[in-house]
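Derivation of every value follows stated rules applied to the coordinates shown; laboratory data play no part. The shown structure was predicted, so the numbers you read here are calculated from the model rather than taken from an experiment. Using ideal geometry, Cβ is built from the backbone for each residue, glycine included, and neighbour counts are taken over all protein chains shown.
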Amino acid sequence: MIGSYIKTSRRNLLRNKLFSAINVVGLAISMSVGLLLIAFVLDLHSYDKFHKNGERIYRITNVVTETSKQSRSRPGGKFATTSLKTGKLIRQKVTGVEEVAILRNDFSQDAKIGNKVLPIKGFWADPSLFKVFTFPMLEGNPETALKDPYSIVLTETAAKKLFGSDDALGKVIRFDTLDYQVTGVMQDVPFFSHLSFEALVSLSTAEQLNRKNLNFANWTNMSSNFVYVRLTETADLASIQSQLNAVAREENRADENTKIQLELLPLYNIVVGESFRASEGGPGSVGPHMPPVVLWLVGGLALVVILSACFNYTNLSIARALRRFKEVGLRKAIGAGKNQVRQQFLVEAIMISLAALLLSFILFLVLRPLLINLAPEMQGMVKLALTPSMVIAFLLFSVSVGVLAGFLPALFFSKVSAISALRNVSTVKVFKHVNLRRALVVIQYTLTLIFITTTAIGYVQYKNILSFDLGFNTENILNIPMQGNKPDAFLNELREMPEVTGVSRSIIVTSVGNAWGGFIKYKDSRDSALVMTNNVDENYLALHEYKLIAGGNFRARPTTAKAATEVIVNQQFLKRFNIAGNDPGKAIGEEITFTNFSVKGRRMTIVGVMKDFHYGKVDNLIEPVAFMFWTPEDQATLNVKIQSADPLATRAKIESAWKKIDRVHPFKAKFFDEAIEEAYSEFSILIKIIGFLSILAISIASMGLFGMVAYTTETRLKEISIRKVMGASSGNLIYLLSRGFLIQLAISALIALPVTYLFFEKFVLTNFPYHTPVRIIELFVGLLAVLLVAFLLIGSQTMKAAKSNPADVLKNE
């Protein structure tokens, strides 16, 4: 029976080459998007699956809440990081936890071996890391490799990089002025691991190096620290969470205004999961990350494209109903039941879908490198390499698309009785007065218009973000991280260049997602708050053209962090702590107390108040910010103001100067505007993807429209010929044939444009407090594009029909 279905389906497909080609090409184009999405999702969900007992591994996250007199309860945000003390307290007090691994993410130094100097990046880690995670050791004892201070474990690649073919175990590496012994060599970290490193250094080393830093192991110092736990097989998550709450309550008693809550984040939800804020100078998280909402959004858009191709199949199948009714009637007359008719049309749809799979796989191979190279982050996130599970997923997907495309035609034809087999299919209704085929065309073009309009609005909003007034100047400023080098020698080189008009120093580059900060109290109040900061020198404000509204620039020039007691704040800072009644002039001379991971309780004096500006990204509200003085103890980023007709040539000149002072580290400078564009790269990627899907959607819809118009004009040739004989002009005939399609497009526009507008205004743009309103031109640009394509398609076919010779058409009547 199946063989009969396949044979009959093959004959029908070959007999109707145009419609078959439209269906195969349309499905192939849409399915290639589905294949890319399947491969992308499978790769993302492959992360960390190589760890044994991975389902029992969790990361401890922090939820910081501030409560004060000025703000009853203001969320400080969720952080992937936590304190070192958290890990130790869990180890001591929480039952149901088998192992606790503590990592610190700020090991990045130059390894010196003889005359060779190479940069090495990794984590500080305690010995339990090898018990929680599955990182096989090639040489050394995983139980003791990270136990003693100044011990280091290298990956296989790092060991070869440093020692070549020599045995690395037991060798000594010098970092700065200290010697570290190689106590282990492990297998390279797999690609699909959210933790990526070249080396692991014993956490006891970091503790010894910071033994004079009283704040290093504090409960509130969560900068760069990550804690992972592996639960017992019988552990109860509710019980674990209850114990974590008890630990947090006990530690929070020291500060009534800042509360930290501990939460469990499953290992498999780290890469595809919620986003986290960056802590004080630390990262938001480590490794690649993809918010689920992005996957759902892209998946939804891909589904729309696939549905569009399925609608084409349904439309064309039902449009050809007159030709298939006799076939169905004959089948039923000789005893075929509804199920057999349904199976026949489903097999036909699945055959088309499998044929489309071959073409879509070729498109997948073409599009795969384009997707991977869409952004630098993509290259380190996915491979999209074929795996057995991926091939199986592709086949299942193809069959599913075939069933989806053939469901309505199969249902439609199975209901036809042998007696009514010659009736006109146009009497079939979805709703009371709406024709099935017309409803599908309206839905298809509504979705296509939403696609195109979304792309237009999203692109305009993205460009507005990039050109948004941040409150300071970023033009022609080249930011150069010193990567551990002292900046003095490089500064001298820069000052000799005529193209360089100014240079300043800072710890970080603001407004691109970086964060540095600490807890601040006003006078002797117990009300503290996490405030974002930046350490800058005396040239920073003028170079970036910050606007001071009271006070002045830094007066003192301290050489140590402890001696830096002046602070310049913004207006939101005054409002947050209600300093001097929010009067900038009266705030000058007021004292605050600053605490972060390196200092505790430093008293500082406000010497200036600047106008509010965007420290974070523009999708966040303007927050309190404090600038403190940069000292030689701080890490350095040089901010270089360039005035040149050829900024890229000047950059190359600066790079040559860099190589004089550092032959080890590559030059990593970025123009401020480039860094801003990179900071919003996820929006750019999303717009490119939606734009690409929009092109596919309009292409598929246009192919479907072409097929429908071609079929309609073919079936109405006799009517057209008779009308021409009766005196109808070509213009009248074109209007007659295209009127129905244009009305359907108009209905689609009336649905799509308000829906898209409301979607952006009520849902998307509410996340951007400083967005610009959606304009009419952005709404109608997509409509004009669709109307132009539709008019050309409809016009070409109707004009051809209108110019036909009535004598040739009616000679056999």
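The separation of region 133-152 from region 640-708, counted between C-alpha centres, amounts to 41 Å. The residues packed around F613, meaning those with a beta-carbon under 11 Å from its beta-carbon, carry a net charge of -2 if Lys and Arg are +1 and Asp and Glu are -1. Computed from Cα positions, the angle between helix 237-252 and the longest principal axis of the chain comes to roughly 40 degrees.
Rounded to the nearest 20, the Cβ-based charge dipole of the chain about its Cα centre (Lys and Arg +1, Asp and Glu -1) stands at 3920 debye. By other beta-carbon atoms within 10 Å, ranking Y150, Y445, Y770 with the fewest at the front produces Y770, Y150, Y445. As a rough footprinting exposure proxy, the listed residues M703, M708 were ranked by other beta carbons within 10 Å of their own, and the order from fewest upward is M703, M708. For region 650-689, backbone nitrogen atoms closer than 19 Å to the point 7 Å from N492 Cα along Cα-to-C-beta are found at 654-663. Compared with the dominant principal axis of the Cα atoms in the chain, helix 730-759 is inclined by about 30°. Rounded to the nearest angstrom and listed largest first, the equivalent-ellipsoid semi-axes of region 54-269 from its Cα gyration tensor are 34, 20, 14. Tell me, Y462, Y180 in order of fewest to most beta-carbon neighbours within 10 Å? Starting with the residue having the fewest Cβ neighbours, the order is Y462, Y180.
With 0.36 nm allotted per residue and the present C-alpha distance subtracted, the V293-Q241 stretch has 16.1 nm of extension available. Estimate the FRET efficiency between A375 and L736 by the formula 1/(1 + (r/R0)^6), using the beta-carbon distance for r and 41 Å for R0, to the nearest 0.05. Once rounded, the FRET efficiency stands at 0.25. Could you give log10 I(q)/I(0) at q = 0.08, 0.11 Å⁻¹ for the chain, computed by the Debye formula over C-alpha point scatterers of equal weight, without solvent? For the chain at q = 0.08, 0.11 Å⁻¹, log10 I(q)/I(0) is -0.85, -1.27. For region 500-642, the Stokes-Einstein estimate of translational diffusion at 25 °C and a viscosity of 0.890 mPa s comes to 162 µm²/s, using the Kirkwood hydrodynamic radius over alpha-carbon pairs.
Strictly over 25 Å apart at the Cα level, which of K641/K668; K147/K259; K383/K617; K131/K212; K547/K641; K88/K259 would you flag in this model?
Cα-Cα > 25 Å for K147/K259; K383/K617; K131/K212; rest within.
Using R0 = 25 Å, the C-beta based FRET efficiency linking F759 and L359 works out to 0.15. Report, to the nearest 10°, how far helix 292-319 tilts away from the longest principal axis of the Cα atoms in the chain, using its own Cα long axis and a range of 0 to 90°. It is inclined by approximately 10 degrees.
Listed peptides 617-624, 573-580 appear in the order 573-580, 617-624 once ranked by packing, highest mean of other Cβ atoms within 10 Å at the front.
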